[in-house]
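Enquirer: One structure, as structure tokens, below. Some questions next.
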Amino acid sequence: MAPFTKYRKRSWLRRGLYMLAGLLVLPYLVTLVYAMVPPPVTAMMVWKTFEGHSIDYRWRPLADTSQNLVRSVVTAEDAKICEHAGVDWQVFQTVALEALENEGGPSRGGSTITQQVAKNLFLWPSRSYVRKALELPLAMWIDLVWSKRRIVEVYINTAEWGPGIYGAEAAAQYHFGKSGKALTKAQAAQLAATLPNPAVRNAGKPGPKVRKQARTIRNRVNSTVPYLDCLALG
């Protein structure tokens, strides 16, 4: 092989490695911006757009969001958010062992709200070991550079609450025809109950499973509230 051809191959390889390194580092830099600026779009929204879905995304500060919803979501998704550093390693280990023991994978997810924020903002929807390997350090970085309140604020504004429905404000309008600040405890619990699978579960017209889960969330909220001081909910 001619020396020039070898040089060209090495040059392209080097460029490819630089591009890959840049893609890996970019989310960590963008995270610093999102600590103060609302994300204009997320990776999950882009995926949905490619799938042909329209997007309804409405950002609202946490202060303009129903505290009933904030408490319900944290209780349902990550009641220990004030205790961990982005990853709940105890839960993660349990889920990982379950995945190894069961051919069909784990029966439940083990992601914290911070991990879900990392996934929603920068990664892709399908489960894989590669995605999880990228998600874990990114979640710990987000926990390091953001406040817990900011993490919850971004999560509630970027989570999907129905087909193409992003953010508590859009969800409240879509499911209940009201502002996200006016949600009752029952409505907030119904919305939180849909988060594991918002494409199938409907908060506005809840089935038996959603109603049961919503009742469980409402019963747990009062016992969770004393442990959410890091969110400064008032």
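Enquirer: Using Cβ contacts closer than 10 Å as the measure, can you line up ARG71, ARG201 from fewest to most?
Expert: Numbers: ARG71 24, ARG201 20.
Ascending number of Cβ neighbours within 10 Å: ARG201, ARG71.
Enquirer: Moving on to the next point. What residue among MET45, MET36, MET140 shows peak mean-square fluctuation when the chain is described by a Gaussian network model with Cα springs under 10 Å?
Expert: Highest fluctuation of the listed residues: MET36.
Enquirer: Once each part is reduced to its C-alpha centroid, what is the distance from the stretch 198-234 to the stretch 114-156 in angstrom?
Expert: Cα centres, the stretch 198-234 to the stretch 114-156: 21 Å.
Enquirer: Mind computing the radius of gyration and Dmax over the alpha-carbon atoms of the stretch 145-205? Å is fine for both.
Expert: Expressed in Å, the Cα Rg and Dmax of the stretch 145-205 come to 11.4, 38.
Enquirer: If the cut-off is a Cα-Cα distance under 24 Å, which lysines reach LYS132, setting aside same-chain residues fewer than 8 apart in sequence?
Expert: Once the sequence-local lysines are set aside, what remains near LYS132 is LYS48, LYS80, LYS119, LYS148.
Enquirer: For the pair GLU98 and LYS181, how long in nm is the line joining their label points, each one 7 Å along Cα→Cβ?
Expert: In this crude spin-label approximation the distance works out to 3.9 nm.
Enquirer: While we're looking at this one, here's another question. Based on the Cβ-Cβ distance from LEU17 to GLN173, what FRET efficiency comes out when R0 is 41 Å, to the nearest 0.05? Write down the numbers at each step before the final one.
Expert: Working: r = 46 Å, r/R0 = 1.12.
Calculated value: 0.35.
Enquirer: Full extension from VAL200 to VAL46: what is 0.36 nm times the residue separation minus their Cα-Cα distance, to one decimal in nm? The partial results should precede the final answer.
Expert: On the way: separation 154, 0.36 × 154 = 55.44 nm, distance 1.99 nm.
Contour length minus the Cα-Cα distance gives 53.5 nm.
Enquirer: Taking the chain as a Gaussian network, Cα atoms linked when under 10 Å apart, which of TYR166, TYR57, TYR129 shows the biggest mean-square fluctuation?
Expert: TYR129
Rule-based calculations on the coordinates, nothing more; no lab input. Nothing here was measured: the structure is a model prediction, and the numbers come from that model. For neighbour counting, all protein chains shown are included, and Cβ atoms are generated from backbone atoms with ideal geometry for every residue, glycine included.
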